Amino acid sequence: MATVVTRSAAGGVATFQVLGAHGENLGTIVREKAFRGRGIRTRWTVTPNGGPEAVGYKGRGGAPGPGPVELGSMSDQQPPSPWGRWPAAPPVAPPGVYAPPRAPEITASYRRWAGVLTWTAVVVAALMAVALVMSIVFLVWADQDTRNAAYGYLALVLWVGIAAGVPVLIAVAVSAGAMRRRVREQNWAGNRPS
């Protein structure tokens with residue numbers, strides 16, 4: 001049975017001493033809080049007496065912490081950044097072996113349609129904005145003179161057109177966004193069209 005005694009705890013660094021059943025020194029454990037100069041994860045360093053130093057990080061398999069410590073399974077390097085490159089495509093399985101389906105390759109035509117849909121959404125949104133401004137101008141003209149009452153009806157027609165165009169704009173914008181995201185993901189993975 002071992003006992004862990006806190007020796008110091010200041011500035012995000014805590015040092016513990018591990019004592020054996022008879023009070024003999026078995027080693028030290030140092031805990032450095034995340035974002036304290038060494039990285040984005042809490043760092044644990046275990047140094048047994050007469051043995052090599054072992055370093056682990058919180059959130060990694062085999063990292064020291066509460067419970068038994070397996071020194072052989074700890075990492076001796078900083079974990080990779082979670083914002084690293086996109087993972088590469090999985091390898092193709094040999095014939096007769098099940099493998100999860102891969103996403104179909106994005107063709108030049110798919111990329112072209114993603115651009116067309118994006119610009120269609122931009123143009124439809126611009127036309128709707130112009131129609132909204134013009135409908136307000138038509139209402140002002142209709143209100144100034146009764147001989148221009150037809151402008152009020154034209155403003156109502158524009159509002160009906162705007163109301164009919166909103167679902168179209170949403171559908172085109174959502175489709176274009178999904179297609180462009182998929183193209184970006186494939187670009188990040190390094191798969192360019194042939």
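Laid out as a table, the results:
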item	result
Failed item in (1) modelled with pLDDT under 65; (2) part of a loop (DSSP other than H, G, I, E, B), with GLY72 passing the rest	(2)
Members of segment 99-155 that are over 26 Å from ILE170 (Cα atoms), of a type in the set (Gly, Ala, Ser) and outside any helix (DSSP H, G or I)	ALA99, ALA149
When residues of segment 1-53 are limited to those that are of a type in the set (A, V, I, L, M) and either in contact (Cβ under 8 Å) with a residue 40 or more places away in the chain or in a loop (DSSP other than H, G, I, E, B) (or both), the one surrounded by the fewest Cβ atoms within 10 Å (Cβ to Cβ)	MET1
Residues located in segment 178-188, provided they are without any contact (Cβ under 8 Å) to a residue 24 or more places away in the chain and either aromatic (Phe, Trp, Tyr) or within 15 Å of VAL116 (Cα to Cα) (or both)	ALA178, ARG181
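The values are calculated or read from the model by the stated rules, or taken from the named source; none is laboratory data. Note that this is a predicted model, so its numbers are computed, not measured. Note that each Cβ is placed from the backbone with ideal geometry, even for glycine, and that neighbours are counted across all protein chains shown.
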